[in-house]
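Notes follow the structure.
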Amino acid sequence: MSIEVAVVPAAGRGTRMRPATRVVPKALIPVVDRPAIQYAVEESVRGGAREVILIVDPGVGVLAERHFWEEGPLPGLADVKITPVVQEIPHGLGDAVLTAREVVADRPFFCVLADNIPPPGGDVLPGMAAAFDDTSVVCLRRLTPDFLERYGVIVPGAWRDRDVVEVRGAVEKPGAAHAPSDLGLIGRYLFTPDVFSILESLPAGVGGEIQLTDAIAELGETGRCLGFVAGQDLLDIGNPLGLLEASTVLGLSHEEWGAEYRTYLADVVGEM
Ligand code: G1P
């Protein structure tokens with residue numbers, strides 16, 4: 001089934017990226033030649049979306065507006081409807097997604113976190129859309145123990161296919177001692193609109209925030225969620241080393257400068 005709308009939560013403060021994010025919002029940090037948020041929009045469009053809802057804080061809203069509209073349409077995005085929705089006070093990722101409720105209405109939607117970028121050829125949204133069977137689908141990766149405190153982790157049920165598993169529950173950042181499995185939530189989701197009524201009634205979770213993972217737990221416990229295991233990791237630009245790695249991978253495959261950059265990098269490494 002084709003999923004026509006995507007929600008991109010982009011109101012995060014980027015505390016792991018200080019001092020870069022003291023003034024520049026995390027979603028506008030450039031990676032190679034475009035801001036992080038543009039990668040999320042382009043990925044959504046490659047996944048089939050024709051409408052992208054950006055959840056922004058008032059500061060990002062003004063800048064995103066300039067980036068996507070005032071300068072004229074960006075290549076490949078002229079026919080895409082991009083709608084900013086302002087989240088006035090941040091109450092966590094679950095609350096950010098809930099902010100999109102009115103615009104999404106009764107449609108299934110992708111949720112794409114701008115902190116992660118697929119490597120070239122590593123898109124996961126098409127695989128998630130293919131696994132979609134009128135219940136929500138979350139994207140998963142097998143995590144090593146030290147990552148279990150950084151990601152939401154699911155309780156797996158029966159396997160439907162080599163890479164599709166029933167989700168029975170989920171825990172936000174449980175850590176190795178309490179993790180129910182090694183299958184982590186990597187920031188790509190395909191939700192049915194019933195997630196909004198769950199989010200609306202959730203109490204604050206870990207860190208006093210409304211956690212998206214707690215809504216996934218409820219979807220799973222009531223038999224309304226599948227997991228799609230991605231073939232490769234996404235690039236994590238939410239920390240300085242990850243940003244460097246992502247810039248290298250995306251720079252090396254850049255159409256215009258990739259070859260030149262490869263030679264440069266080989267020279268630099270050779271001299272060290
Ligand atoms: C968020 C989610 C977490 C998920 C992660 C993926 O955490 O709360 O469940 O595993 O994104 O990147 P954050 O990275 O915002 O702390």
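The values are calculated or read from the model by the stated rules, or taken from the named source; none is laboratory data. Predicted model, so just to flag it, every value in this text is computed and none were measured. FYI the Cβ positions are ideal-geometry reconstructions off the backbone, even for glycines, and counts take in every protein chain you see. What goes into the accessible areas is simple: the full protein's heavy atoms, side chains included, and nothing from ligands, DNA or RNA. Shrake-Rupley method; radii C 1.70, N 1.55, O 1.52, S 1.80 Å.
Structure above, values below:
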{"quantity": "Mean accessible surface per residue for the range 194-237, computed with a 1.4 Å probe while every protein chain stays in place, in Å²", "calculated": "40 Å²"}
{"quantity": "Computed accessible area, Trp69, all protein chains, 1.4 angstrom probe, square angstrom", "calculated": "90 Å²"}
{"quantity": "Share antiparallel - DSSP beta bridges, the chain, percent rounded to 5", "calculated": "55 percent"}
{"quantity": "Trypsin sites (Lys or Arg not before Pro) within the range 126-219, DSSP loop, no more than 16 other Cβ atoms inside 10 Å", "calculated": "Arg150, Arg160, Arg162"}
{"quantity": "Fluctuation leader among Leu185, Leu140, Leu235 - the chain, Gaussian network, Cα springs under 10 angstrom", "calculated": "Leu235"}
{"quantity": "Proximal charge balance of Met128 [Cβ under 12 Å; K/R count +1, D/E count -1]", "calculated": "-3"}
{"quantity": "Loop sites in the range 221-272: GluC sites (Glu not before Pro), DSSP, at most 13 other Cβ within 10 Å", "calculated": "Glu255, Glu256"}
{"quantity": "Largest-first principal axis extents, alpha carbons of the range 59-99, Å", "calculated": "33, 19, 10"}
{"quantity": "Cα-derived Rg to Rh of the range 1-68, Kirkwood definition", "calculated": "1.00"}
{"quantity": "Cα centroid separation, the range 211-252 to the range 44-69 (Å)", "calculated": "19 Å"}
{"quantity": "The chain: calculated mean residue ellipticity at 222 nm from DSSP helix runs of at least 4, using -39500 (n - 2.57)", "calculated": "-8500 deg cm²/dmol"}
{"quantity": "Alpha carbon centroid spacing (whole Å) that separates the range 86-102 from the range 137-173", "calculated": "24 Å"}
{"quantity": "For the range 169-272, the spread of Cα positions along each principal axis, largest first, Å", "calculated": "56, 30, 24"}
{"quantity": "For the range 72-221, size of Cβ-based charge dipole, Lys and Arg +1, Asp and Glu -1, in debye", "calculated": "380 debye"}
{"quantity": "Value in Å of the Kirkwood radius, where the range 216-272 supplies the Cα pairs that are averaged", "calculated": "14.5 Å"}
{"quantity": "Quotient of Cα Rg and 2.2 N^0.38 Å for the range 109-244, N being how many residues it contains", "calculated": "0.99"}
{"quantity": "Taking N as its residue count, the alpha carbon Rg of the range 29-81 over 2.2 N^0.38 Å", "calculated": "1.09"}
{"quantity": "The range 11-116 - Kirkwood radius from inverse mean 1/r over Cα pairs (Å)", "calculated": "14.3 Å"}
{"quantity": "Net charge of neighbours whose Cβ lies under 13 Å from the Cβ of Thr144, counting Lys and Arg as +1 and Asp and Glu as -1", "calculated": "-1"}
{"quantity": "Loop-located GluC sites (Glu not before Pro) in the range 23-126, at most 12 other Cβ atoms within 10 Å (DSSP)", "calculated": "Glu71, Glu88"}
{"quantity": "Positive-pole candidate from Leu113, Gly238, Thr99, dipole of the chain, charges at beta carbon", "calculated": "Gly238"}
{"quantity": "Average Cα contact separation per residue, the range 6-56, under 8 Å, 6 or more apart, as relative contact order %", "calculated": "50 percent"}
{"quantity": "The chain: relative contact order in percent, alpha carbon pairs under 8 Å with at least 6 residues between", "calculated": "21 percent"}
{"quantity": "Residue with peak Gaussian network fluctuation, the chain [Cα springs, cutoff 10 Å], from Ala96, Ala130, Ala170", "calculated": "Ala130"}
{"quantity": "Cα-based Rg and Dmax for the chain, where Dmax is the largest Cα-Cα distance (Å)", "calculated": "18.3, 58"}
{"quantity": "Solvent accessible area, Å² - Val85, 1.4 Å probe, full protein context", "calculated": "20 Å²"}
{"quantity": "Lys, Arg +1 and Asp, Glu -1 on Cβ, resulting dipole of the chain about Cα centre, debye, nearest 20", "calculated": "340 debye"}
{"quantity": "Contact order normalised by residue count of the range 15-99, Cα under 8 Å, 6+ apart, percent", "calculated": "28 percent"}
{"quantity": "Label-point separation, Ala78 to Val62 (7 Å along Cα→Cβ), nm", "calculated": "3.1 nm"}
